[in-house]
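Asker: Shown below is the structure under consideration.
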Amino acid sequence: MRTKNTQKPMMSGKRKDMIFYISMMAFPVAQFAVFYIVVNGGSFLLSFQNINILTDTTTWTFDSIARMAKMLVTDSGMLTVLKTSLVSYLLLLVIGTPLGLLFSYYIFKKLPLSGAFRVILFLPSIISAIVMVTIFQFFVERAMPEFVRVLFHKNIPGLMENTATRYGTVIFYNIWIGFGTGVLMYANGMSGISQEIIDSAHVDGVTGLREFWSITLPSIFPTISTFIITGVAGIFTSQLNLFSFYGGAAPENLQTFGYYLYMHTQAAASRAEYPDVAALGLLLSCVAIPLTLLVKWAMEKFGPSAD
Amino acid sequence: MKSLSKKVIGILLSAVLVFGITGCSFDNGDDGMEAIDPTRTQLFVFSYDGGYGSDWLVAAKKRYEQLHAEDVYEEGKKGIQIYINPKKEGFSTVSDNILLNRDEIYFHEYAYYKTLKSQGMLADITEAVTGDKADLGAYGDPAGTTIESKLTEQQKAYYGIEENGETHYYGLPHYSGYMGIVYNRDLFDRKGYYFREGYENYDELEDRFILQSKGATKSKGPDGKTGVIDGVDYSLDDGLPVTYDDFFELIHCIYSGGDTPISWLGADYNSYLQNFMCSLVADYEGLDQMSLNFNFHGEATDLGTVQGGQFVKDEEATEITPENGYELARQRGKYEALKFINRLVTKSNDQYHNNLAFNGAYSHMDAQDDFLYAGNDGGRTNNRAMLIDGVWWENEASDTFDNMVAQYGETMSKDNRNFCYMPLPKATEEKAAEAAASDKAMTLYDHIFSICFVKANIAEWKKPIALDFIKFVHTDESLVEFTVHTNTPKAFNYEIGEADLAKLTTFGRSVIELKNRSNIVYPYSSEPLYVLNQSTFGFAEQWRYSSTKQFVPIAMRDDGITAEAYFSQLYTYTQTKWNGLNK
């Protein structure tokens, strides 16, 4: 005779897993919903609005989109901004990425002072951006001219005051502070390479640069390609820390789309002034999204394989 | 032993943490950070602790608390505690949390009043500003005086909002922010950097200035008068430059005398110099013409074009409306200001200003320090004669004055040193003559958008207390007290008696004297075109040259754009952007 089990069943493993899963995912999902979907959805809607704060009314219109589209294609200033945005991305990519990889490789190989390098290179990422900018700016604007004066008896202007060195200095700063995350990610990627593969390569006489080129680089290519793809997606949002350096008065030849958008959003006096900025952001997204997908496709198609 | 060390370190760290936290709650009485007194009712007041500081509010707080020490606002409590929250947080940081924060009254700057109103952040404070209940007589003002009666017509039109046929106030102006030229009067006196009487008849520099000829008489200055006439002392500006050309001649004279003629900050030089340009334009155009830039209703009488370096005025005046407001980009005052600033920032004139004037790591505080220390640091630096800064500079530099007193003695104190606000020179001799004939010889430009308001969601039972405190800090006594503490005026009309004037520094007196003899332009209006596009009419945007250029100094210095080219393009771009404004 079968008897009914009246004892309360213990929580099943599946249910426990589900509770654990929900508790772990709730916060990131909520954050994604609020800070991505709601924020970007709001910006999307703003692009098609005309807001009157006096009458508290909103009308739907394509005016902002049309105005910003016209500005993008007819305003010569936008061409300068586009050029600076693209050149800056390329410089950070061409100079920053190889250097980041070399530093990472140095750290990965545990060469002398590699631990110290790891800390020094990551330091700018954990110190507040405004503190880093202030220190750097003081160094290049005040300290360096003073060194030159004392050592070479020559008066020079600050590196950011001087129009000839200004852009290079900003790019240098961005490469330098960009090392932190890159080096950390690349070095971690390298640490995942099987020691057996490296050992067998050594047995075959592979060392140094060849090891880096033929084993290390293909092994961490997914990480590199992630950085390249997110970099492309950020071409129109990167502001090169210009606001921290210059506030609202960055020189024209330094301005990127990221800075332009940031400044106009920051300067807006009320909601009524947001639609144009939102429309510009939307139009730039229309360029950035296919470009990003194209780069992603190219990376997957033509990039080296870890196999 | 290791374990003992760990324990000792642990105890030390705990002690640091505990004392660090409790250290914040000590009542030091003067800086506003104090413990909440559970026996009294609190009114929480936020004060932007920038150049003007919060000492003025501490003084008002003490008087108000004493006055209401026996009043009961809540059951079980007696008296009021004005709890001041003095922070140097910009308004954009503060504004997001106004309704969530504990603070109930705000004193701040660079705030868009109409935006805050549209966001539902502001409580209706009409009762404190106008009408029978607003009478400040109970606090010692002449009976019938209200806060509204201390506002200019322009301020009333902006802060007074029409609702259901009645005027409602949701905010008030706070302090004044004029940008101009500060000069070291002690140095000017010592070196004789004054134009002498009849200087226009001489060609040589040494004949045109007093310099070492101590017995020579100073010229009458921009106001064209000297001595005391009808109880007004006109001598403070004697010997000062009358026209822009005079000013640059003075600069050359000071340079020839071995001193640095003029200085300013390098970190944000674009903003400071551009604000200063707005002051020049306002002074040239006068109240009515300058106000057209914000209200877009009236006749523009000063428009023209530049041909071959000469300003050619339109034959007829132009009726300005919101549709054609871009025409104001052709105001002559703007061209004259462009020419002035071009002479100041052009690289060929670098010898006339401090060498860090365009250096991003040289702050406004650095410029103030150097201005004060220069010539007083044992010969390390040469004197600095003038500083471009706002009226708040002297109060902002209080710590530097104190440090100098500690180093060099009382002669270096704020009270014992003499700095003055220079009446702005005029662009032309005709303008100078026009100003000299007027009782309002100058027009000041108050760019600071200062504000005082009560947050919308203040508890109903507390609102009468907040309104009463608002009334209290706007009595003549409190306004004068503010001026005595900061050496700057509040943005209201009020008289300062001789006894109180005597408490001000030389600089403070010069500012008050200038204010009394000036019209004041506030760069705002209630015109819908203005309200819907407020940032467009700010000091930066109104000079926009292209989509990526809005600052004149850097455009002239780095790109070599001339005043004429800038003026022409300013009109073209303003006309283009007008079509895109919110309407």
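The values are calculated or read from the model by the stated rules, or taken from the named source; none is laboratory data. What you see is a predicted model; the values in this text were computed from it and never measured. With ideal geometry, Cβ positions are generated from the backbone for all residues, glycine too; neighbour counts draw on all protein chains shown.
Asker: Of everything in region B:254-266 that's outside any strand (DSSP E or B) and small (Gly, Ala, Ser), which residue is surrounded by the fewest Cβ atoms within 10 Å (Cβ to Cβ)?
Answerer: B:258
Asker: Then there's this: Between A:22, A:37, A:51, which is under 20 Å from the mean Cα position of the chain (by Cα) and either on the phi > 0 side of the Ramachandran plot or aliphatic (A, V, I, L, M) (or both)?
Answerer: Going through A:22, A:37, A:51 in turn, just one is under 20 Å from the mean Cα position of the chain (by Cα) and either on the phi > 0 side of the Ramachandran plot or aliphatic (A, V, I, L, M) (or both): A:37.
Asker: Looking at B:340, B:358, B:371 in this structure, which one is within 25 Å of residue B:267 (Cβ to Cβ), of a type in the set (Phe, Trp, Tyr) and not assigned by TED's automatic domain parsing to the domain that holds residue B:428?
Answerer: Details: B:358 fails: not assigned by TED's automatic domain parsing to the domain that holds residue B:428; B:371 fails: not assigned by TED's automatic domain parsing to the domain that holds residue B:428.
B:340 is the lone residue from the list that is within 25 Å of residue B:267 (Cβ to Cβ), of a type in the set (Phe, Trp, Tyr) and not assigned by TED's automatic domain parsing to the domain that holds residue B:428.
Asker: Quick one: count up the residues across region A:168-211 that are over 24 Å from residue A:127 (Cβ atoms) and assigned to a helix (DSSP H, G or I).
Answerer: Residues in region A:168-211 being over 24 Å from residue A:127 (Cβ atoms) and assigned to a helix (DSSP H, G or I): 16 in total.
Asker: So which of B:496, B:561 ends up being part of a loop (DSSP other than H, G, I, E, B), free of Cβ contacts under 8 Å to residues at least 24 places away in the same chain and not assigned by TED's automatic domain parsing to the domain that holds residue B:152? Write out each step before concluding.
Answerer: Details: B:496 fails: not assigned by TED's automatic domain parsing to the domain that holds residue B:152.
Answer to the check: B:561.
Asker: Which fully enclosed helices (runs of 4 or more DSSP H) of region A:95-140 have 2 or more residues being among the hydroxyl-bearing types (Ser, Thr, Tyr) and touching a residue at least 40 places away in the same chain (Cβ under 8 Å)? Spell out the reasoning first.
Answerer: Values: elements: A:97-108, A:114-126, A:129-138.
Because the criterion is at least 2 residues that are among the hydroxyl-bearing types (Ser, Thr, Tyr) and touching a residue at least 40 places away in the same chain (Cβ under 8 Å), the helices (runs of 4 or more DSSP H) in region A:95-140 that meet it are A:97-108.
Asker: Search region B:538-551 for residues being facing chain A (nearest Cβ under 8 Å), hydroxyl-bearing (Ser, Thr, Tyr) and part of a loop (DSSP other than H, G, I, E, B), and hand back the single one that is surrounded by the fewest Cβ atoms within 10 Å (Cβ to Cβ).
Answerer: In this case the residue turns out to be B:547.
Asker: Let me ask something else about it. If a residue must be within 11 Å of another protein chain (Cβ to nearest Cβ), out of contact with any Leu (no Cβ under 6 Å at 6 or more places or on another chain) and crowded, with 16+ Cβ neighbours inside 10 Å, how many such residues does region A:145-181 contain?
Answerer: 8
Asker: Right, another one. Suppose the filter is in a helix (DSSP H, G or I), on the phi < 0 side of the Ramachandran plot and within 14 Å of chain B (Cβ to nearest Cβ); does residue A:66 pass it? I'd like the intermediate steps shown before the answer.
Answerer: Values: in a helix (DSSP H, G or I): yes; on the phi < 0 side of the Ramachandran plot: yes; within 14 Å of chain B (Cβ to nearest Cβ): yes.
Yes, satisfied.
Asker: Scan region A:70-104 for residues that are of a type in the set (A, V, I, L, M) and more than 12 Å from every other protein chain (Cβ to nearest Cβ) and jot them down.
Answerer: A:73, A:86, A:87, A:90, A:91, A:92, A:93, A:94, A:95, A:99, A:101, A:102
Asker: Of the residues A:108, A:117, A:122, which is touching a Leu at 6+ places or on another chain (Cβ under 8 Å) and either over 30 Å from residue A:280 (Cβ atoms) or of a type in the set (Lys, Arg) (or both)? Don't jump to the end; show me each part of the working.
Answerer: Numbers: A:108 fails: touching a Leu at 6+ places or on another chain (Cβ under 8 Å); A:117 fails: touching a Leu at 6+ places or on another chain (Cβ under 8 Å).
The conditions single out A:122.
Asker: Look through B:526, B:535 and report the one residue that is surrounded by fewer than 21 Cβ atoms within 10 Å (Cβ to Cβ), within 14 Å of another protein chain (Cβ to nearest Cβ) and touching a strand residue (DSSP E or B) at 6+ places or on another chain (Cβ under 8 Å). Even if it seems obvious, please write down each step before you answer.
Answerer: Values: B:535 fails: touching a strand residue (DSSP E or B) at 6+ places or on another chain (Cβ under 8 Å).
Going through B:526, B:535 in turn, just one is surrounded by fewer than 21 Cβ atoms within 10 Å (Cβ to Cβ), within 14 Å of another protein chain (Cβ to nearest Cβ) and touching a strand residue (DSSP E or B) at 6+ places or on another chain (Cβ under 8 Å): B:526.
Asker: Filter region A:233-288 for residues that are in a loop (DSSP other than H, G, I, E, B) and hydrophobic (A, V, I, L, M, F, W, C); which is farthest from the other protein chains (Cβ to nearest Cβ)?
Answerer: Keep residues of region A:233-288 that are in a loop (DSSP other than H, G, I, E, B), which gives A:234-241, A:247-251, A:255-256, A:268-270.
Adding the requirement that they be hydrophobic (A, V, I, L, M, F, W, C) leaves A:235-236, A:240, A:249-250, A:268-269.
Details: A:235: 17, A:236: 15, A:240: 14, A:249: 4, A:250: 9, A:268: 6, A:269: 4 Å.
Among those that are in a loop (DSSP other than H, G, I, E, B) and hydrophobic (A, V, I, L, M, F, W, C), it is A:235.
Asker: Give me the residue from region B:419-439 that is assigned to a loop (DSSP other than H, G, I, E, B) and over 19 Å from the mean Cα position of the chain (by Cα) and, out of that set, surrounded by the most Cβ atoms within 10 Å (Cβ to Cβ).
Answerer: B:427
Asker: Further question: For region B:363-385, which positions are more than 14 Å from every other protein chain (Cβ to nearest Cβ), among the small types (Gly, Ala, Ser) and not in a loop (DSSP other than H, G, I, E, B)?
Answerer: The one that is more than 14 Å from every other protein chain (Cβ to nearest Cβ), among the small types (Gly, Ala, Ser) and not in a loop (DSSP other than H, G, I, E, B): B:385.
Asker: Any idea which of (1) crowded, with 22+ Cβ neighbours inside 10 Å; (2) within 14 Å of chain A (Cβ to nearest Cβ); (3) under 26 Å from residue B:269 (Cα atoms) is the one residue B:507 doesn't satisfy?
Answerer: The failed condition is (2).
Asker: Let me ask another. Would you confirm whether any residue within region B:179-193 is of a type in the set (Ser, Thr, Tyr), in contact (Cβ under 8 Å) with a residue 40 or more places away in the chain, more than 23 Å from residue B:387 (Cβ to Cβ) and assigned to a strand (DSSP E or B)?
Answerer: First, pick out the residues of region B:179-193 that are of a type in the set (Ser, Thr, Tyr): B:183, B:193.
Of the ones still in play, those that are also in contact (Cβ under 8 Å) with a residue 40 or more places away in the chain are B:183, B:193.
Then keep just the ones that are more than 23 Å from residue B:387 (Cβ to Cβ); that gives none.
Scanning region B:179-193 turns up no residue that is of a type in the set (Ser, Thr, Tyr), in contact (Cβ under 8 Å) with a residue 40 or more places away in the chain, more than 23 Å from residue B:387 (Cβ to Cβ) and assigned to a strand (DSSP E or B).
Asker: Considering only region B:116-165, how many residues are of a type in the set (S, T, N, Q) and either surrounded by 20 or more Cβ atoms within 10 Å (Cβ to Cβ) or touching a Phe, Trp or Tyr at 6+ places or on another chain (Cβ under 8 Å) (or both)?
Answerer: 7
Asker: Then there is this: Select, from B:244, B:170, B:269, B:193, the only residue that is crowded, with 18+ Cβ neighbours inside 10 Å and under 20 Å from residue B:507 (Cα atoms).
Answerer: The conditions single out B:193.
Asker: Only one of (1) over 25 Å from residue B:272 (Cα atoms); (2) within 14 Å of another protein chain (Cβ to nearest Cβ); (3) over 20 Å from the mean Cα position of the chain (by Cα) fails for residue A:302. Which number is that?
Answerer: (2)
Asker: Could you tell me which numbered condition residue B:251 fails, if it satisfies all but one of (1) touching a Phe, Trp or Tyr at 6+ places or on another chain (Cβ under 8 Å); (2) within 14 Å of chain A (Cβ to nearest Cβ); (3) more than 30 Å from residue B:528 (Cβ to Cβ)?
Answerer: Tallying (1) touching a Phe, Trp or Tyr at 6+ places or on another chain (Cβ under 8 Å); (2) within 14 Å of chain A (Cβ to nearest Cβ); (3) more than 30 Å from residue B:528 (Cβ to Cβ), residue B:251 fails exactly one: (2).
Asker: Looking only at region B:564-571, decide whether some residue is within 24 Å of the chain's Cα centre (by Cα), in contact (Cβ under 8 Å) with a residue 12 or more places away in the chain and either away from chain A (no Cβ under 14 Å) or assigned to a helix (DSSP H, G or I) (or both).
Answerer: no
Asker: Assuming residue A:70 fulfils every condition listed in (1) touching a strand residue (DSSP E or B) at 6+ places or on another chain (Cβ under 7 Å); (2) assigned by TED's automatic domain parsing to the domain that holds residue A:235 apart from one, which condition is it?
Answerer: Here residue A:70 clears every test but (1).
Asker: I'd like to know if region B:227-243 contains one or more residues that are within 30 Å of residue B:557 (Cα to Cα), part of a strand (DSSP E or B), over 19 Å from the mean Cα position of the chain (by Cα) and more than 14 Å from every other protein chain (Cβ to nearest Cβ).
Answerer: As a first pass, look at region B:227-243 and keep what is within 30 Å of residue B:557 (Cα to Cα): B:240-243.
Next, from what is left, pick out any that are part of a strand (DSSP E or B): B:243.
If we keep only those that are over 19 Å from the mean Cα position of the chain (by Cα) too, we end up with B:243.
Still in the list and also more than 14 Å from every other protein chain (Cβ to nearest Cβ): B:243.
Scanning region B:227-243 turns up at least one residue that is within 30 Å of residue B:557 (Cα to Cα), part of a strand (DSSP E or B), over 19 Å from the mean Cα position of the chain (by Cα) and more than 14 Å from every other protein chain (Cβ to nearest Cβ).
Asker: Quick check: anything in region B:552-559 farther than 19 Å from residue B:268 by Cβ, more than 10 Å from every other protein chain (Cβ to nearest Cβ) and out of contact with any His (no Cβ under 6 Å at 6 or more places or on another chain)?
Answerer: Scanning region B:552-559, I find no residue that is farther than 19 Å from residue B:268 by Cβ, more than 10 Å from every other protein chain (Cβ to nearest Cβ) and out of contact with any His (no Cβ under 6 Å at 6 or more places or on another chain), so the answer is no.
Asker: Filter region A:26-60 down to the residues that are among the hydroxyl-bearing types (Ser, Thr, Tyr) and either part of a strand (DSSP E or B) or away from every other protein chain (no Cβ under 11 Å) (or both) and list them by number. Explain how you work it out, then say what you get.
Answerer: Here is the first cut: in region A:26-60, the ones among the hydroxyl-bearing types (Ser, Thr, Tyr) are A:36, A:43, A:47, A:55, A:57-59.
Result: A:36, A:43, A:47, A:57, A:58, A:59.
Asker: Something else about it: Is at least one residue of region B:352-362 away from chain A (no Cβ under 13 Å), of a type outside the set (Gly, Ala, Ser) and assigned to a helix (DSSP H, G or I)?
Answerer: Within region B:352-362 (the criterion being away from chain A (no Cβ under 13 Å), of a type outside the set (Gly, Ala, Ser) and assigned to a helix (DSSP H, G or I)), the answer is yes, since at least one residue qualifies.
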